[in-house]
Amino acid sequence: MQRERQPKFAMISILLTVGAFILFVLATIVDSLSDYSNVLMVAGLALLAASWGIYFIGGRSLQRAEVATENVITVIGCKGCDIREERPFSEGDYVFKEIGPCKKCSGTSYIRAIYAISIKKD
Ligand SMILES: [Zn+2]
C-alpha cells in the first residue's frame, strides 16, 4: 500500500513545481500582472517549497518501506518445556542465548532460532 503512494507523491511534487514555474513566468512576462508580481513570486516559492517537502516526505516513506520489506523474528524456546514464542528481533539477540526463566515452567528459556521473513508482495 505504501509503495502505491510513491508515484502520487512524485506526481504532486512535479505538478507543484510546474505550477510554481507558471507563476514565475506569468509574473515576469505578463505586463498586466506586474502589480501582482511579488504576490505571484511568493506563491510560486510557496509551491516550490511544498513540492520539495512532499518529495522529501515521499522519499523518506519509500526508504522506510524498503527497510520494512524484511521482518526478523526471534524464536524463544525452553529447556524445561515445549513452549514456543516469537517476538521481533532486538539487538543483541543470538541463537542459544539464555534469556531468563520460562513463563510456563520457570525453566531456562533461550533463543532457539532467528529468522527473517520477506513481506514483499511480489
Ligand atoms: Zn518452560
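Throughout, read-outs are computed from the coordinates displayed, never taken from laboratory work. This one's a predicted model, so the numbers in the text were calculated from it and none came from an experiment. With ideal geometry, Cβ positions are generated from the backbone for all residues, glycine too; neighbour counts draw on all protein chains shown.
So, of the residues in the stretch 73-103 that are of a type in the set (D, E, K, R) and in a loop (DSSP other than H, G, I, E, B), which turns out to be farthest from the ligand (Cβ to nearest atom)?
By that ranking, first place goes to Glu91.
If you scan the stretch 104-122, which residues turn out to be outside any strand (DSSP E or B) and either surrounded by 13 or more Cβ atoms within 10 Å (Cβ to Cβ) or away from the ligand (no atom under 16 Å from the Cβ) (or both)?
Listed by number, the residues that qualify are Lys104, Cys105, Gly107, Ile119, Lys120, Lys121, Asp122.
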